[in-house]
Structures are given as structure tokens and as C-alpha cells.
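The structure under discussion appears below in the form of C-alpha cells.
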Amino acid sequence: MSTRRKFPLQRAALSVVVAAAFPAQGMAAGSAGVAQFIAGDVNVLRADGKTESLTKGKPLESGESILTGNAGRAQVRFSDGGLVSLQPNTEFKIANYVDEADPKQDRFLVDLLRGSMRAITGLIGKRNRENYKVTTTTATIGIRGSGFSVGYNPDGSLGITTELDAIEVCNAGGCVGLTAGESVRVINSAEAPVRTSVRAPVPTPAPAQEVVVVGNQTTSDGKPAIVPAPTAPAPVKQVFTDLAVGVVYTDPATANSAVESYHPDASTAVLTSFLSGKPIDFDSLDSRNVLTQFRSTGTAAMEKGVLGTPSDPDFVGWGSWVTGQKFVAGSPTEIESVHFVMGRPTPLAQMPADNMQGTYQLAGGTAFSSLLGAGQLVSGTLVANFGAYGAGQGYGNLDLTTRFGGNDYGISSNLDINNSKITNTSGTNVTGFFTGNNASRAALVYSAPSVTGTGPSAGQVSGAAVFQQNSLVLRPPL
């Protein structure tokens with residue numbers, strides 16, 4: 001049973017008081033915050049859909065997203081004195097930030113779509129605690145204190161730990177209040193948070209020596225030596241031939257989207273490439289010996305995510321590129337807003353038996369609007385009725401919620417299921433697959449025309465979605 005508890009605001013640590021009392025120096029007028037510390041590969045996705053490198057001192061605005069790479073880290077100081085530290089492989093969006101020194105108007109609403117973060121609240125969280133919220137794919141964190149950590153686990157669940165005072169973690173299953181040092185795990189958006197002794201997965205960077213090391217090593221005459229820091233190991237590239245790929249992209253010449261699937265079988269060879277475990281590109285060679293290749297162009301990557309490692313039976317990877325090229329028999333075509341999923345399709349012998357029903361919750365994904373630009377895939381469910389028609393033929397339902405500029409837009413679609421393959425060509429165009437024993441995960445790409453929601457028309461919305469199975473039971477009778 002979930003519980004709801006209210007906590008009085010306790011005295012914050014000295015560091016929080018200082019941060020709140022002296023807002024960020026050198027911040028551009030009207031900006032939400034400023035990048036105070038940057039290490040490694042860190043990009044900012046602007047509200048107009050353009051991606052650029054984020055460097056120390058750059059201002060950040062409401063509606064923008066920060067994306068950190070494999071070794072990327074960032075710290076942002078907001079105009080109200082609050083701090084957010086982002087760890088590697090994180091996507092963090094400043095969804096709605098308003099600092100007017102007015103409790104009725106102030107807002108600190110941010111989204112953590114993947115990765116992990118630490119936060120210390122500023123004045124907004126003190127003036128009106130109800131207007132300070134961190135939204136994830138499975139829960140919303142409301143502040144009752146001044147410091148906490150949150151991060152996604154490898155299985156797609158969420159870990160949250162209170163570091164100072166108290167917070168409240170809520171989703172559709174209920175709310176749980178935490179005091180300093182307590183933690184919860186959130187499995188999905190429907191089940192209430194569960195208390196745990198395991199802290200949130202927010203890694204602490206390993207100590208590293210600077211480029212110049214003085215004092216701990218000496219030259220032959222006893223003087224301090226100047227020694228270069230160790231060179232990081234080169235990224236490892238892997239190529240697999242047994243992964244399926246689903247991809248959706250837009251042709252800039254016609255503004256039309258295309259949804260395509262590539263499954264390894266007797267007539268088609270599929271080659272997927274990874275760098276340090278992250279998907280980078282993919283090729284297909286069909287029975288007519290025609291080679292189709294997809295390559296990103298430029299350095300701006302909107303998203304890259306994985307569940308597991310590429311050699312795992314239930315591995316799923318997903319990503320998107322701002323721009324790319326599609327080569328067919330060596331002839332290139334420019335493409336935009338490229339979203340893809342990769343995974344090892346569930347073998348026929350490991351698929352659920354006929355008349356079983358699987359339910360799934362969103363574990364990751366991307367979203368892009370033809371009219372509003374880059375957004376987020378904030379929630380989703382998938383129901384699969386395996387073998388409802390016999391011989392592995394079945395049907396399902398897909399429901400997604402995307403978010404653009406603080407407004408939500410829903411996408412629903414019927415699905416056709418043919419053993420491990422997922423398709424739909426009526427209305428929302430979908431292609432994908434199940435992976436893992438008993439179809440434990442699902443991955444797909446989608447393209448929905450003329451999506452409307454709580455804000456202005458989003459036009460055509462496309463992206464990738466990855467799901468984790470919640471339950472597998474005998475299908476209820478119709």
C-alpha cells in the first residue's frame with residue numbers, strides 16, 4: 001500500500017543557503033541558468049531543434065535540453081541559485097522554468113529522460129515547493145527539502161535517494177515520502193515506488209590526475225617530474241550480423257516520412273555497428289545483392305540509449321540523428337530526423353505461447369515533431385496478444401504520450417503481431433520487434449500524422465520507443 005506523508009521544511013545545509021543567497025554570477029539577463037562546469041562530450045538541444053556543443057559559461061533557456069555523452073558531465077547553476085549536476089549518458093530538459101521572485105508564477109519543472117542527476121534546490125523550491133518538480137518516465141519527484149539524487153537503472157527502473165531533508169515520489173500507483181538518506185525504486189509508472197536500501201545509481205567520477213603531475217614523481221636529480229596524464233583507451237567498435245533494425249526518417253525534399261525494417265534472415269543480411277556499446281550505424285544486403293546503408297552526418301546526436309550490451313540475447317539499442325544519409329547501391333539521399341531501434345529478435349522457440357497476453361511499460365525512446373521540433377517521449381504502454389489468431393499471429397495496442405514545449409500529445413495505434421515482428425500501416429505507421437526470452441522487451445519506430453494535443457498542432461510526430469515487459473498472462477476471453 002502506498003502512503004502519502006507531509007514533511008515540514010527543515011533547515012538546509014550551509015551550502016544550499018549560500019547557493020540560494022547568491023545566484024549565479026555572470027548569467028545572461030532572462031536566462032534560466034548557466035553551464036558552470038563541463039567535462040567531456042556535452043551538447044545542448046535548443047528549442048528550435050538545433051544542437052550545439054555546450055561549453056562553460058553558456059546560458060541556458062527554458063525549453064532546452066542538455067545531453068551528455070559516455071564521458072560527459074555538466075553542472076548547471078540556475079538563476080534562483082539552484083544546482084543540477086548531470087552524469088554521463090544523461091538527457092535533461094528544462095521543461096518550464098520561470099524565476100520572477102513570485103511564488104505564484106515561479107516554476108522549476110524539468111524532465112530527466114535518461115541517465116542520472118543530483119540536485120540542490122534554490123529559491124524557487126523554497127518560495128513554492130509545489131512548483132518544483134522533476135518528471136521521469138515512471139515518476140514525478142516533488143521537493144520537500146533541498147537535495148536528492150535520481151538515476152535510471154540498467155533494467156529501466158528508477159532509483160531515487162534523498163540527500164538533504166525530504167522529498168515525495170509519486171506516480172499512478174501512489175506516493176512515498178522520503179527523509180534524508182532514504183531511497184526508493186520505481187519499476188514502472190503504474191506501480192507505487194518501493195522502499196529500498198540501494199541508493200540511486202548516480203556514479204561518482206574516478207579520481208584523475210591532471211595533465212601535469214608534480215610531486216609524486218621525480219626526475220633523476222630529485223626534482224618534481226612533469227608527466228602527461230594517461231591516455232584514455234581508444235573506443236572499441238563492434239559489428240553484429242544477427243540484430244534487426246527499425247528506422248523512421250524524413251525526406252527533406254518532400255517532407256514525407258518513411259518507416260522501414262531490416263530483419264536478418266535467409267534472404268537479408270543486416271550489419272549493425274557499435275562504438276563502446278552504443279549504436280552508430282547499420283547496413284543491409286538483400287537477396288539481389290543491393291546494399292542499403294544508413295550513416296549520420298555532422299556531430300549532433302539527439303539521442304542514444306541501450307538496455308544491456310549488444311551481445312545480450314535481450315539487448316535493445318535506440319537513437320536518433322538530426323541529419324543523415326541513406327545509401328542504396330552507393331547512391332546517397334539526404335535524410336533528416338532519423339530515429340532507429342536495434343535488437344536481437346526473439347527466436348520462434350522462445351516466443352510466448354498462443355493466447356498469451358503481454359503488457360509493457362516504456363523504458364526509453366525519442367520524439368520529433370515536424371512543426372515543433374525535438375521533444376520527449378514521456379510515457380507509453382504496449383499490450384500484445386500473442387497468437388490470438390493462431391500460429392503466432394496476433395494483435396496489440398500502442399499508446400504513447402509525447403511532450404513538446406510543455407504540452408502533451410497522445411498517439412494510439414493498433415498493432416499486427418507476427419511472431420517476433422510488430423507492424424502497423426494504417427494511421428500511425430509502426431515497425432519493430434520483440435526481443436528476449438518470452439518477448440521480454442519490445443522495440444519499435446513510429447510515425448503519426450497530424451497529431452494534436454493540449455498545445456498547438458504538432459503536425460507529424462515520429463520517433464523510437466523501447467518497452468520492458470510487466471506481465472505475461474493467459475489472454476482474457478473476449
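Give me the pairs, please: first residue somewhere in the stretch 451-469 and assigned to a loop (DSSP other than H, G, I, E, B), second residue anywhere and hydroxyl-bearing (Ser, Thr, Tyr), beta-carbon distance under 6 Å, and either six or more positions apart or on two chains.
Ala458/Ser369; Ala458/Tyr409
With surrounded by fewer than 16 Cβ atoms within 10 Å (Cβ to Cβ) and either farther than 21 Å from Lys237 by Cβ or touching a Gly at 6+ places or on another chain (Cβ under 8 Å) (or both) as the only criterion, which of Leu291, Leu372, Leu307 stands out?
Within the list Leu291, Leu372, Leu307, the selection yields Leu291.
For the subset of the stretch 341-360 comprising residues that are among the polar types (S, T, N, Q) and open to solvent by 30 Å² or more (accessible area, probe 1.4 Å), which member is nearest to Thr452 (Cα to Cα)?
Thr359
Determine the pairs where a residue that is touching a residue at least 40 places away in the same chain (Cβ under 8 Å), located within the stretch 382-402, has a partner that is of a type in the set (Lys, Arg) with Cβ atoms under 6 Å apart, the partner being 6 or more residues away or on another chain.
Asn385/Arg475
Does Ser183 meet the test of being touching a Lys or Arg at 6+ places or on another chain (Cβ under 6 Å) and free of Cβ contacts under 8 Å to residues at least 60 places away in the same chain?
yes
List every residue pair whose Cβ atoms lie under 6 Å apart, where the two residues are 6 or more positions apart in sequence or sit on different chains, the first residue falls within the stretch 321-340 and is closer than 20 Å to Ala465 by Cα and open to solvent by less than 40 Å² (accessible area, probe 1.4 Å), and the second residue, located anywhere, is modelled with pLDDT under 90 and of a type in the set (A, V, I, L, M, F, W, C).
Hits for this filter: Ser337/Phe368; Val338/Trp321.
If the Cβ limit is 7 Å and pairs must be 6+ apart or interchain, which residue in the stretch 345-359 that is farther than 20 Å from Thr381 by Cβ and without any contact (Cβ under 8 Å) to a residue 60 or more places away in the chain pairs with which residue that is open to solvent by less than 40 Å² (accessible area, probe 1.4 Å) and in a strand (DSSP E or B)?
Pairs found: Ala353/Gly387; Asp354/Phe386; Asp354/Gly387; Asp354/Gly390.
Between Gln376, Gln357, which is among the polar types (S, T, N, Q), assigned to a strand (DSSP E or B) and under 30 Å from Gly405 (Cβ atoms)?
Of Gln376, Gln357, the one residue that is among the polar types (S, T, N, Q), assigned to a strand (DSSP E or B) and under 30 Å from Gly405 (Cβ atoms) is Gln376.
Would you pick out the residues in the stretch 430-462 that are more than 22 Å from the chain's Cα centre (by Cα) and open to solvent by 40 Å² or more (accessible area, probe 1.4 Å)?
Asn437, Asn438, Pro449, Ser450, Thr452, Thr454, Pro456, Ser457 - these are the residues of the stretch 430-462 that are more than 22 Å from the chain's Cα centre (by Cα) and open to solvent by 40 Å² or more (accessible area, probe 1.4 Å).
The values are calculated or read from the model by the stated rules, or taken from the named source; none is laboratory data. The shown structure was predicted, so the numbers you read here are calculated from the model rather than taken from an experiment. We place every Cβ from the backbone using ideal geometry, glycine too, and count neighbours over all the protein chains shown. Ligands, DNA and RNA are stripped out before the accessible areas are found, and what is left, the full protein with its side chains, is counted by its heavy atoms. Shrake-Rupley method; radii C 1.70, N 1.55, O 1.52, S 1.80 Å.
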